[in-house]
Amino acid sequence: MTPAVSAVIVSYNTRELLLQCLESLRSFSGALETIVVDNDSADGSATAVRERWPDVRLIANAQNLGFSKANNLGLQAAAAPYVLVLNSDAVVRAGTIETLAGILDVRSDVGLVGPRTVGTDGRCQVSFGPDLTPWNEWRQRKLVLAVKRRDPVALQRLEALAAVEHEPAWVSGSCFLARRDLLLRLGGFDEGFFLYEEDVDLCVRMRQAGSRVLFTPRAEVVHHLGRSMEKASERAREEYRRSHVRFYKKHNGPFWTFVLRIWTAFD
């Protein structure tokens with residue numbers, strides 16, 4: 001049977017969370033193909049998948065290829081018309097995949113749709129946003145930091161933003177559903193981004209190609225934010241800086257790239 005949805009999950013040292021993620025996919029009522037791309041985890045993730053989930057297709061890389069390249073390997077192996085890109089530290093709520101697929105079924109203008117994401121405490125996370133410009137990033141960063149310290153005004157503002165279906169500039173790569181043929185036409189994720197900003201770049205290119213990017217609060221996932229990189233925080237910070245500059249060079253031009261470099265030098 002041809003699957004309705006192919007779930008692509010990139011794994012890196014999140015064994016127990018990965019197993020929870022796979023378990024959550026069982027709630028999907030349709031035909032699902034699951035592909036795990038393991039980036040040379042040292043915690044037995046690949047072995048655990050082989051032993052506990054024999055029906056899952058496992059692509060075990062001999063080294064950490066990064067988020068973009070690993071996702072592209074999964075995308076190339078996928079057979080379904082819709083691809084669910086899902087972090088290994090995310091848990092899908094019952095009905096989420098059906099809701100996302102239903103939107104793509106009825107809205108041919110939408111190429112990618114992302115759900116509301118919440119933490120384990122049930123609080124809403126920032127999983128969408130505006131175009132990456134210095135001004136927008138300053139405002140977004142203020143919101144993210146305020147949400148992180150549980151500022152009640154910021155939490156209320158985020159809840160209001162996340163309560164309405166809308167078209168942001170981007171949605172988080174922690175979870176989204178997209179049309180496989182469109183992803184392939186765009187070349188998938190830009191593999192020049194090892195980690196971070198690859199989801200924003202993909203959404204920008206998708207909108208440039210004439211397809212809409214949608215956020216919906218009608219679907220929800222629980223995201224254990226940043227678990228893959230918490231043990232390699234310095235590497236994560238360096239990759240974020242590198243990806244940030246790459247994005248600005250690619251989409252914002254030399255002047256704003258220069259402004260970004262000056263800004264981050266004092267950050």
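None of the figures in this text is laboratory data; all of them are computed from the coordinates on show. Because the structure is a prediction, the values reported are computed rather than measured. Every residue, glycine as well, gets a Cβ built from its backbone with ideal geometry; the counts of neighbours run over all protein chains shown.
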List the aspartates and glutamates whose Cα sits under 15 Å from the Cα of K69, skipping any in the same chain fewer than 8 residues away.
D38, D40, D190, E191, E197, E198, D199, D201, E239
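Please report the equivalent ellipsoid semi-axes of the chain, computed as sqrt(5 x eigenvalue) of the Cα gyration tensor, largest first, in whole Å. Provide the component values of the computation, followed by the final result.
Working: eigenvalues 148, 91, 76 Å².
Output for the chain: semi-axes of 27, 21, 19 Å.
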Quick one: Cα centre-to-centre distance for segment 77-118 and segment 15-69, in angstrom?
17
Per the rule of 0.36 nm per residue minus the C-alpha distance, extending T120 to R107 adds in nm 1.6 nm
Cα-based Lys proximity count in segment 112-266, under 27 Å, for pairs eight or more positions apart or on separate chains
4
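At 222 nm, what value in deg cm²/dmol follows for the chain if DSSP H runs of at least 4 each add -39500 (n - 2.57) and the sum is divided by all its residues, to the nearest 500? Don't jump to the answer; show the numbers that get you there.
Details: 10 runs with 115 residues, N = 267.
Helices in the chain give a 222 nm mean residue ellipticity of -13000 deg cm²/dmol.
Rounding to the nearest 20 debye, state how big the charge dipole of segment 1-99 is about its Cα centre with +1 on each Lys and Arg Cβ and -1 on each Asp and Glu Cβ.
Values: 7 positive and 10 negative charges, 25 e Å.
Once rounded to the nearest 20, the dipole reads 120 debye.
Please state, as a whole number in µm²/s, the translational diffusion coefficient that the Stokes-Einstein equation yields for segment 45-138 at 25 °C and 0.890 mPa s, with Rh defined as the Kirkwood radius across alpha carbon pairs. Walk me through the numbers before you get to the answer.
Values: Rh = 16.4 Å.
The estimated diffusion coefficient comes to 149 µm²/s.
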